[in-house]
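The values are calculated or read from the model by the stated rules, or taken from the named source; none is laboratory data. Fair warning: this is a prediction, and the values are worked out from it, not measured in the lab. Neighbour counts run over all protein chains shown; Cβ positions are idealised from the backbone, glycine included.
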Amino acid sequence: MASPVSDERLAPTREQLRNDVWLAAAMLVSAILSTWLGHVAQVWGDDPPHLGWGLLYCLVLTAPLALRRRVPEVALIAVAVVYFVGMSVHIPEMYVGSIALFIAMYSVGAWVADRRRAMIVRIVVIVGMFVWLLATMFQAASDQGGESAAEFSLFSPVAAMMMLQFLFNVVFFAGAFAFGERAFVGALSREELEQRTRELEREREITAAQAVALDRVRIARELHDVVAHHVSAMGVQAGAARTVLDRDPDAARRALTVVEESARASLAELRQLLETLRTPDAASPRDSTLRLDAIGELVRYAEENGMPTTFSVVGEPVAASEVAQVNLYRIAQEALTNARRHGGPDARADVRLRFDGDEIELEIANDGRVRFGAKPGLGLVGMNERAAASGGWLEAAPRPRGGFLVRARVPAGMRSAAPNERTVLA
């Protein structure tokens, strides 16, 4: 599940903070040069303030820019106040102050996380600037009181100059405001995209890890089903051969023959499994020979290894998916192996395959003894996984009248597996 995206920008990096210092230094050099040239050009007449005041103005004007990302509001207010004062006392600097004010206002819009505070600070500075601008323009107009009223009409040079300055400042502050807002929104969009990219990368890694884990589980399940079935039979027959070796050599020889056949069958199935794992195209059970009609061979094998077993089919057989057939075969194989291994020498088993419409039910019951107090083994876990993988459920528990019952019910066709709520493990 994706985490919610924050509406705040990430803190500035060290590189960005260093760049602010370099920006402030470059602006300071530019301001000093502009002030000196303005002093030489006598932009405010032949009686400007002393050049030392101009240098102090340049330093105080540009120094706050070094903190424009750390404390944007303070930097804007400081630059605005110094700019107002400098223009009021006619410091001969005409351009760098406007640029510094633009950068400071842009920084508030681009970096202040509290958007309400950013809006208030900028509006206060803009209103203060226009009040100061109107006051200075009317003061300049009042200083020309000897001129006639017609000279101050809408089309007079003084009114035109006032209108030009007003429009310039409107565009100036509107641009700084809009660029700051756009930078903030753009940064949020980039951070959201980066966050989603990181989340997708984490999900990809988790998915890959889950795929590996599922493959390991599948391989472990297949190895268990292949090896346990044959090795269990080999153990039973080897024990029988040892028991009758002295008094009945022919019976011992037959038991050892069964051991040999089981070993060969186990090696053949292991070889087939390894070939399947090595061949990507053989990853599905489409070409598998493990089908429902082979369950009869499992019953015959169990009988040959000393456990009487019956097999019956109920209902009209239906076409089943390859996955369902393989998994039901393996469930029957594991259940019979467990019955032979744990049920005792007198255990008997009954295998019943029931076709019920579009579902298939497999039931393996035995009347042997039951181990109590032990946690479910890997065989029961594997059977449960196979039933769930086929979209069905599994019940595995001791029977009330003795013995053990394994019942699996799966759809004949393939459907998505749901949580197995009916599984009961002994």
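Starting from the stretch 336-360, take each residue that is outside any helix (DSSP H, G or I) and list its partners that are among the aromatic types (F, W, Y), counting only C-beta distances under 7 angstrom and pairs at least six apart or across chains.
Hits for this filter: V351/F311.
Which of the following residues is part of a helix (DSSP H, G or I) and at pLDDT 80 or above: A220, A238, A213?
Values: A220 fails: at pLDDT 80 or above; A213 fails: at pLDDT 80 or above.
One residue alone meets the criteria, A238.
Looking at the stretch 387-406 only, could you name the residues that are under 14 Å from A332 (Cβ atoms) and surrounded by fewer than 24 Cβ atoms within 10 Å (Cβ to Cβ)?
L405
Looking only at residues in the stretch 312-329 that are touching a Lys or Arg at 6+ places or on another chain (Cβ under 6 Å) and assigned to a helix (DSSP H, G or I), which one is farthest from G239 (Cα to Cα)? Steps first, please.
To start, the set of residues in the stretch 312-329 that are touching a Lys or Arg at 6+ places or on another chain (Cβ under 6 Å) comprises 312, 314-315, 322, 325, 327.
Retained after the next criterion (residues that are assigned to a helix (DSSP H, G or I)): 322, 325, 327.
On the way: E322: 37, Q325: 33, N327: 30 Å.
Only one residue tops the list, namely E322.
In this structure, is R348 in contact with a helix residue (DSSP H, G or I) (Cβ under 7 Å, 6 or more places away or on another chain) and assigned by TED's automatic domain parsing to the domain that holds S390? Full working, then the answer.
Values: in contact with a helix residue (DSSP H, G or I) (Cβ under 7 Å, 6 or more places away or on another chain): no; assigned by TED's automatic domain parsing to the domain that holds S390: yes.
So R348 does not fit the description; no.
Could you list, in sequence order, all residues of the stretch 252-301 that are within 48 Å of the chain's Cα centre (by Cα), of a type in the set (V, I, T), farther than 25 Å from A319 by Cα and modelled with pLDDT of 75 or more?
Listed by number, the list is empty, since nothing qualifies.
Say we look at the stretch 86-111 and pick out the residues that are in a helix (DSSP H, G or I) and under 13 Å from C58 (Cβ atoms); which of these is farthest from the chain's Cα centre (by Cα)? Show your work before the answer.
Keep residues of the stretch 86-111 that are in a helix (DSSP H, G or I), which gives 86-88, 96-111.
Checking the rest, the ones that are also under 13 Å from C58 (Cβ atoms) come to 86, 96-97, 99-100.
Numbers: G86: 54, V96: 47, G97: 48, I99: 43, A100: 43 Å.
Here the answer is G86.
For the stretch 185-224, give me each residue that is acidic (D, E) and either surrounded by 11 or more Cβ atoms within 10 Å (Cβ to Cβ) or in contact with a Lys or Arg (Cβ under 7 Å, 6 or more places away or on another chain) (or both).
Restricting attention to the stretch 185-224, the residues satisfying the condition of being acidic (D, E) are 191-192, 194, 199, 201, 203, 205, 215, 222.
Hits for the stretch 185-224 are E191, E192, E194, E199, E203, D215, E222.
I'm trying to understand the selection: among the residues of the stretch 22-79, which are farther than 24 Å from R117 by Cα and not in a helix (DSSP H, G or I)?
Selection gives Q42, V43, W44, G45, D46, D47, P48, P49, H50.
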